[in-house]
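Participant: Submitted below is the structure of interest, expressed as structure tokens.
The values are calculated or read from the model by the stated rules, or taken from the named source; none is laboratory data. Computed from a prediction, not measured in an experiment: that's the story for all the values here. Backbone-built Cβ (ideal geometry, glycine too); neighbour counts: all protein chains shown. Ligands, DNA and RNA are excluded from the accessible area calculation, which covers all protein heavy atoms including side chains. Shrake-Rupley method; radii C 1.70, N 1.55, O 1.52, S 1.80 Å.
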Amino acid sequence: MIKVSMTVNGGAVSHTVEDRTLLVDYIRDHLRLTGTHIGCDTSQCGACVISFNGKAIKSCTMLAAQADGAEIMTIEGLADGDQLHPVQAAFKEHHGLQCGFCTPGMIIAATDMIKRYGAALDEPTIRTELEGNICRCTGYQNIVKSIKAAAEDMTRSEKPSVTSSV
Amino acid sequence: MFHLTYHRPTSVEDAIQFFTNSEDAQFLAGGQTLLPTMKQRLADPSDVIDLRHIAALAGIGSAKDHLSIGAGVTHAEVAASPQVRQILPALADLASHIGDPHVRNMGTLGGSVANNDPAADYPAAVLALDATIHTNSRVIAAEDFFTGMFETALQDGELIIRIDFRIPQIAAYAKFPNPASRYAMAGVFIARHTDGGVKLAVTGAGSDGVFRHKDMESALLGNWAAEALADISIDDSNLLSDIHGSAAYRANLIKVMAQRAMQSML
């Protein structure tokens with residue numbers, strides 16, 4: 001057994017777990033944050049993607065022990081109270097989901113790519129960047145549309161002087 | 001993975017010490033191969049030694065004739081590094097197409113090279129760029145490093161610290177990725193070195209892992225153009241044949257990828 005402590009969605013957590021515990025199981029079973037999903041469990045589908053020290057990673061392919069001391073954000077940490085994060089709002093507005101199983105991973109992946117590309121995030125880039133996230137409802141069209149809209153929204157709000165002068 | 005002990009050393013010495021004192025330890029770099037392998041019960045180490053907190057494995061640096069990358073540097077870091085993109089853009093390009101963005105945030109150069117998966121991308125660059133592999137105990141030339149599928153010259157408990165890539169005059173990598181896994185079905189790295197020599201390494205296709213293709217090297221030495229490869233016939237007798245593609249299919253892919261790599265440089 002090993003003691004792991006980390007910051008999850010802004011709050012400190014600490015538990016004693018088996019050394020072999022996967023981070024995704026720690027998040028779901030110990031922290032009861034079940035928004036992070038287990039889809040394939042073979043590192044391909046991306047339903048388990050979370051933000052780990054500011055970078056999107058697959059939490060089914062990391063031990064909880066490896067995350068000791070880290071800062072983690074899951075889908076539950078994205079909204080500001082009742083105020084949806086712009087990416088969540090865009091998925092809602094543009095119908096970026098059907099069954100919703102892949103959505104938490106899609107949204108974390110989207111926030112990660114928007115952070116890296118900013119206003120330069122175009123549609124081909126979004127499609128390439130989504131290669132680690134699988135949607136079996138084949139709803140990619142609206143997922144891409146949602147991410148594009150969120151990127152435009154977020155990069156516009158980063159430069160308020162531009163919009164206010166128009 | 002039933003009984004596992006996790007260790008987190010902060011120095012190379014401590015990592016080796018943990019390894020020596022364990023019954024059946026595995027070094028854990030980014031874990032993007034090791035953890036899936038453990039989940040499938042294809043590996044069952046008694047101990048894992050996490051290498052992500054060892055400062056000596058971090059960092060990218062360059063000297064006059066080589067680019068030096070720490071074994072713990074992730075694919076995402078190599079792909080985004082302004083230094084790599086300027087000095088060795090072909091390597092940044094290769095790193096940017098490994099797996100997917102989330103895998104690239106964890107997977108490392110050292111982990112990929114030490115594992116020597118026959119379909120991994122980095123081994124082709126290591127071989128074609130005449131790299132030297134610096135371990136905790138010695139320096140190994142690329143030519144002597146890859147000894148077969150998932151086999152390398154590394155001894156038990158020997159740890160890659162960094163890899164020095166020779167800076168070429170020009171280089172390019174082209175791969176045909178498996179559409180599901182993004183591993184190479186065939187990947188070809190071509191480098192023309194400052195002494196005029198040409199090295200061409202093939203990954204994803206060989207049944208003994210990465211290999212150099214001397215006939216294509218000679219053809220390119222005579223005529224540095226994609227057309228020089230048109231009449232080369234690729235022997236398929238030692239190529240992989242599986243559900244993803246036959247040996248003959250891979251033989252053709254090798255030639256097509258080599259030509260694409262050449263076209264991208266000209």
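Participant: If I histogram all Cα-Cα distances within the stretch B:56-166 using bins 10 Å wide from 0, what percent of pairs lands in each bin?
Facilitator: It works out to 15, 54, 29, 2, in whole percents.
Participant: Just how much of B:HIS3 is accessible, in Å², when a 1.4 Å probe is used and the result is rounded to the nearest 10?
Facilitator: Rounded to the nearest 10, the figure is 150 Å².
Participant: Restricting to DSSP H runs of at least four residues, report the calculated mean residue ellipticity at 222 nm for chain A, -39500 (n - 2.57) per run over all residues, nearest 500 deg cm²/dmol.
Facilitator: Value at 222 nm, helices only: -10000 deg cm²/dmol.
Participant: By a straight-distance test (C-alpha under 25 Å), which lysines pair with A:LYS92 as possible cross-link partners, with residues fewer than eight away in the same chain excluded?
Facilitator: A:LYS55, A:LYS58, A:LYS115, A:LYS145, A:LYS148, A:LYS159
Participant: Between the chain alone and the structure with every protein chain in place, find the residues of the stretch B:95-126 that drop at least 40 Å² of accessible area; heavy atoms, 1.4 Å probe.
Facilitator: Output list: B:ASP100, B:PRO101, B:HIS102, B:ASN105, B:MET106.
Participant: Can you list which of the DSSP-assigned H helices in chain B have a Cα extent of 20 Å or more along the long axis and an average Kyte-Doolittle score of at least -1.0?
Facilitator: B:247-265
Participant: Check B:MET185: other-chain or 5+ apart residues with amide H under 5 Å from its amide H, H built from backbone geometry?
Facilitator: B:PHE176, B:ASN178
Participant: Now a separate question. So what are the three principal axis dimensions of the protein assembly as shown from its Cα atoms, in whole Å, longest to shortest?
Facilitator: Taking max minus min along each principal axis of the Cα atoms, the protein assembly as shown gives 67, 61, 44 Å.
Participant: Using the Cα atoms as the points, what is the convex hull volume per residue of the stretch A:2-77 in Å³?
Facilitator: Roughly 73 Å³ of hull volume per residue.
Participant: Would you kindly work out the equivalent ellipsoid of the stretch B:1-83 from its C-alpha gyration tensor and give its semi-axes, the square roots of five times the eigenvalues, largest first in whole Å?
Facilitator: In descending order the semi-axes read 28, 16, 9 Å.
Participant: Mind pulling the per residue volume of the convex hull built on the Cα atoms of the stretch B:117-165? Å³ is fine.
Facilitator: 70 Å³
Participant: Beta carbons within 10 angstrom, averaged per residue: use that to sort the peptides B:164-174, A:128-138, highest first.
Facilitator: Sorting B:164-174, A:128-138 by mean packing, highest first, produces B:164-174, A:128-138.
Participant: Would you mind computing the Rg to Rh ratio of the stretch B:170-265 from its alpha-carbon coordinates, Kirkwood style for Rh?
Facilitator: 0.96
Participant: Quick check on chain B: helices-only [θ] at 222 nm, where DSSP H runs of length 4 and up contribute -39,500 (n - 2.57) each and the sum goes over total residues. Nearest 500, please.
Facilitator: Only helices count here, giving -8500 deg cm²/dmol.
Participant: Compute for chains B and A the buried accessible surface, both sides summed, probe 1.4 Å, and express it in Å² to the nearest 100.
Facilitator: Rounded to the nearest hundred, the buried surface is 2300 Å².
Participant: With 10 Å bins from zero, work out the P(r) of chain B over every alpha carbon pair and list the percent per bin.
Facilitator: Histogram of Cα-Cα distances, whole percents per bin: 7, 31, 36, 19, 6, 1.
Participant: How high is the relative contact order of chain A? Use alpha-carbon pairs under 8 Å, at least six apart in sequence, and give a whole percent.
Facilitator: 23 percent
Participant: Right, something else. So which residue, out of B:ALA219, B:ALA29, B:ALA71, gets the largest mean-square fluctuation from a GNM of chain B using Cα contacts under 10 Å as springs?
Facilitator: B:ALA219
Participant: Ignoring ligands, DNA and RNA, how do B:TYR6, B:TYR122 rank by accessible area with a 1.4 Å probe, largest first?
Facilitator: Order by accessible area, largest first: B:TYR6, B:TYR122.
Participant: Hey, another quick one. Considering every residue in B:30-41, what mean count of other chain Cβ atoms within 10 Å of its Cβ is obtained?
Facilitator: Mean inter-chain Cβ contacts per residue within 10 Å come to 4.
Participant: Hey, what's the Cα Rg ratio for the stretch A:46-154 versus the globular rule of thumb, 2.2 N^0.38 Å?
Facilitator: 1.02
Participant: Which residues, if any, in the stretch A:84-133 have at least 30 Å² less accessible area in the whole protein complex than in the isolated chain, probe 1.4 Å?
Facilitator: A:GLU129, A:GLU131
Participant: Here is a follow-up. Could you let me know the centre-to-centre spacing of the stretch B:137-201 and the stretch B:56-115, using Cα atoms, in angstrom?
Facilitator: Cα centroid of the stretch B:137-201 versus Cα centroid of the stretch B:56-115: 12 Å apart.
Participant: A further question on this structure: Rolling a 1.4 Å sphere over the protein heavy atoms, what is the accessible area per residue of chain A, to the nearest Å²?
Facilitator: 47 Å²
Participant: Work out the count of Lys pairs in chain B where the Cα-Cα distance is under 15 Å, with the pair 8 or more places apart or on different chains.
Facilitator: Final tally of qualifying lysine pairs is 4.
Participant: Further question: What do you reckon, how do A:LYS55, B:LYS39, B:LYS64 stack up by accessible area (1.4 Å probe), largest on top?
Facilitator: Descending order: B:LYS64, A:LYS55, B:LYS39.
Participant: Considering only protein heavy atoms and a probe of 1.4 Å, how much of the accessible area of the protein assembly as shown is carbon and sulfur, as a whole percent?
Facilitator: With neighbouring chains kept in place, the figure for the protein assembly as shown is 49 percent.
Participant: Report, in degrees rounded to the nearest 10, the 0 to 90 angle that the Cα long axis of helix A:140-158 makes with the longest principal axis of chain A.
Facilitator: So the helix axis and the longest Cα principal axis differ by about 80 degrees.
Participant: Quick one: if you take sqrt(5λ) for each eigenvalue of the C-alpha gyration tensor of the stretch B:5-50, what semi-axes come out, biggest first, whole angstrom?
Facilitator: Result for the stretch B:5-50: semi-axes of 19, 12, 6 Å.
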